[in-house]
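Structure first, commentary second.
The values are calculated or read from the model by the stated rules, or taken from the named source; none is laboratory data. Quantities reported herein were computed from a predicted structural model and do not represent experimental measurements. FYI the Cβ positions are ideal-geometry reconstructions off the backbone, even for glycines, and counts take in every protein chain you see. Calculation scope for accessible area: heavy atoms of the full protein, side chains included, ligands and nucleic acids excluded. Shrake-Rupley method; radii C 1.70, N 1.55, O 1.52, S 1.80 Å.
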Amino acid sequence: HDLGVYWVPGQMQEPHIGPDNFVSHHKPRVEDPRVWLTYEDGPLALVIEVASDWTRGNEEEKRKTYAQVLAVPEYVYLDLHQDELQLGRLVGGQYEWIAPDAEGRLWSEQFRVGFVWEEGARFVRVVAPDGTIVAAPLEEVARREEAERRQQEAEAVAAREARRANREERRAAEAAV
């Protein structure tokens, strides 16, 4: 995320590019890298670009670099203000846009995940191979906290019920005497 990508050995100034997000099939050679060196860390497999008013004018040039120089197999382009979500696959040095499926999802062949922009949502969601939406980290935390809260409530109810049953047993035993 937001790493400078360099592809010419020994060149750490220019040329470089800074994708918003990218995925590689390779692990970086150093933990928590400050830059990505394709000639050491490995090639990029997927790039995700999010257009803004500042970057919209140079997205085409960046797309050409990803396609023709870096040969990135898949490219996701998102423009929130233009309501655009596209997935391109590299064919002959350029990206061919993939048509969405019936549910509006765009599927990555190499990662077998989809991308979908839900109606009225502010961000794109990742779709698992089975078609379910992958929870964002904060959603997962909230889901886990809710499950823990329910578990604690169930335990409290069970404890109250056990105490009540215990009281009733004592009363019944006292009444029998």
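Compute the distance from the alpha-carbon center of the range 1-73 to that of the range 80-137, in whole Å.
Comparing the Cα centres of the range 1-73 and the range 80-137, I get a distance of 20 Å.
Tell me the angle of helix 137-176 to the major Cα principal axis of the chain, expressed in degrees between 0 and 90 and rounded to the nearest ten.
Approximately 10 degrees, to the nearest 10.
Using label points projected 7 Å from each Cα along Cα→Cβ, tell me how many nm separate Glu145 and Lys27, to one decimal.
3.2 nm
In whole percent, how big is the carbon plus sulfur part of the accessible area of the chain, probe 1.4 Å, protein atoms only?
51 percent
For Ala165 and Ala135, what does the FRET efficiency come to when R0 = 35 Å and r is the distance between their Cβ atoms, rounded to the nearest 0.05?
0.35
Which value, in debye to the nearest 20, gives the size of the charge dipole of the chain about its Cα centre, when Lys and Arg are +1 and Asp and Glu are -1 at the Cβ?
My answer is approximately 720 debye.
How large is ³J(HN,Hα) for each residue in the range 19-25, as worked out from phi by the Karplus curve 6.51 cos²θ - 1.76 cosθ + 1.60 (θ = phi - 60°), to whole Hz, x for Gly and Pro?
Karplus values, whole Hz, x for Gly and Pro: x, 5, 8, 8, 10, 10, 7.
Equivalent ellipsoid semi-axes for the range 107-161, as square roots of 5 times the alpha carbon gyration tensor eigenvalues: give them largest first, rounded to whole Å.
Sorted largest first and rounded, they come to 35, 13, 8 Å.
Length gain on complete extension for the stretch Glu174 to Ala158, per 0.36 nm per residue less the alpha carbon to alpha carbon distance?
Taking 0.36 nm per residue and subtracting the Cα distance, the gain is 3.3 nm.
Which value results when the Cα radius of gyration for the range 1-103 is divided by 2.2 N^0.38 Å?
Compared with the compact-globule rule of thumb, the range 1-103 sits at 1.09.
Explain nothing, just the number: relative contact order of the chain, from Cα pairs under 8 Å at least 6 residues apart, as a whole percent.
After rounding, I find 11 percent.
For the charge dipole of the range 3-52, defined by +1 on Lys and Arg C-beta atoms and -1 on Asp and Glu C-beta atoms about the Cα centroid, which residue among Val30, Gln11, Ile48 has the Cα displaced farthest towards the positive pole?
Val30
Rolling a 1.4 Å sphere over the protein heavy atoms, what is the accessible area per residue of the chain, to the nearest Å²?
In whole numbers, the chain has 68 Å² accessible per residue.
Based on the Kirkwood radius over alpha-carbon pairs, what value in µm²/s does the Stokes-Einstein equation return for the translational diffusion coefficient of the chain at 10 °C and 1.306 mPa s?
Stokes-Einstein gives a translational diffusion coefficient of 79 µm²/s.
I want to verify the translational diffusion coefficient of the range 1-40 in µm²/s; compute it with Stokes-Einstein, Rh as the Kirkwood radius over Cα pairs, at 25 °C and 0.890 mPa s.
In µm²/s, the coefficient is 233.
Specify which residue in the list Gln152, Phe123, Ala135 is farthest towards the positive end of the charge dipole of the range 115-177, using unit charges on the beta carbon of Lys, Arg (+1) and Asp, Glu (-1), about the Cα centre.
Gln152
Taking the simple approach of a point 7 Å from Cα along Cα-to-Cβ for both Val126 and Asp79, what is their distance in nm?
2.6 nm
Which of Ala172, Leu106, Gly88 sits farthest toward the positive end of the charge dipole of the chain, with +1 on the Cβ of Lys and Arg and -1 on the Cβ of Asp and Glu?
Ala172
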